[in-house]
Amino acid sequence: MLVLTRKKGESFFIGDDIEIIILEHQGDKIKIGIDAPRKLPVLRRELLEAATDFNREAAALSADLQSLADAFGTQPSKKDKKF
Amino acid sequence: MQIDAKESGRIEVPETSLFTFPQGVYGFQTHRQFAVLKDRKNAGNPFMWLQSAMDKNVCFAVLDAAVLFQDYCPPVPGAVADLLHLSQGDTPQYLVIANLPQADSRLFLNLKCPVVLNPATRLGAQVILEDEHYPMRYYLPAKGGV
């Protein structure tokens, strides 16, 4: 793994159009700016892992659709509900 | 097209129910084609299967978010909008994945990682919403209660 040392306000490039900027650091937190084309997804690792875990568990569902409807069926007001 | 479905076995699926997922879904990136299947035994059931065409065991129970909320329409990240050929003004369909684990009898829905479908191009993708407002486990109110 390439390891770089940067100071606050300094940056580096990955390829021609991705710039990573160190904005701020305080204690064990570092604030990073990412300047990248919008087609490049940027995701926090723990979120990606949580989404993957959720899907694996959901794919192991043993209930059938009717059981889900039964669990859902008693819900009051559906369509009008605001999230 | 014929596919093997987890609940119904081998079934014929119309082209209009088939969606291409260029990146699969999280944890199942090699699954590029999914069918959206309604409950064959109960037409009024809002739950559907998002069934991989490749493996009958890769199957998710999903709900069209519009069934539950009138205002669930999180912004689709630019990368995903491009992937699905969504233009500004196009209305995507949001499916949320449900789970009802055996050990826990309360149903929950993943509002943080919806499956976004573009019915016009029949392309789909799962997104992760960075916005903390959307929970990964949204529990429906307890049975009978409000």
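No value in this document is a laboratory result; all are computed from the given coordinates. Fair warning: this is a prediction, and the values are worked out from it, not measured in the lab. When we count neighbours, we look across all protein chains shown, and the Cβ atoms used for this are built from the backbone with ideal geometry, even at glycine.
Here is how the numbers come out for the structure above:
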read-out: Some residue of region A:18-25 being free of Cβ contacts under 8 Å to residues at least 24 places away in the same chain, more than 20 Å from B:Met48 (Cα to Cα) and of a type in the set (D, E, K, R); value: yes
read-out: Filter result (in contact with a strand residue (DSSP E or B) (Cβ under 8 Å, 6 or more places away or on another chain), surrounded by fewer than 10 Cβ atoms within 10 Å (Cβ to Cβ) and not hydrophobic (A, V, I, L, M, F, W, C)) within region A:1-33; value: A:Lys7, A:Gly9
read-out: Every pair of residues 6+ apart whose Cβ atoms lie under 7 Å, when the first sits in region B:54-83 and is within 7 Å of chain A (Cβ to nearest Cβ) while the second is part of a helix (DSSP H, G or I) and among the hydrophobic types (A, V, I, L, M, F, W, C); value: B:Val58/A:Ala59; B:Cys59/A:Ala59; B:Phe60/A:Ala58; B:Phe60/A:Ala59; B:Ala61/A:Leu65; B:Ala61/A:Leu68; B:Tyr72/B:Ala65
read-out: Strands (runs of 3 or more DSSP E) completely within region B:38-137 that count 1 or more residues being surrounded by fewer than 19 Cβ atoms within 10 Å (Cβ to Cβ); value: B:59-64, B:93-99
read-out: Residue tally, condition within 7 Å of chain A (Cβ to nearest Cβ) and either of a type in the set (A, V, I, L, M) or part of a loop (DSSP other than H, G, I, E, B) (or both), over region B:22-37; value: 3
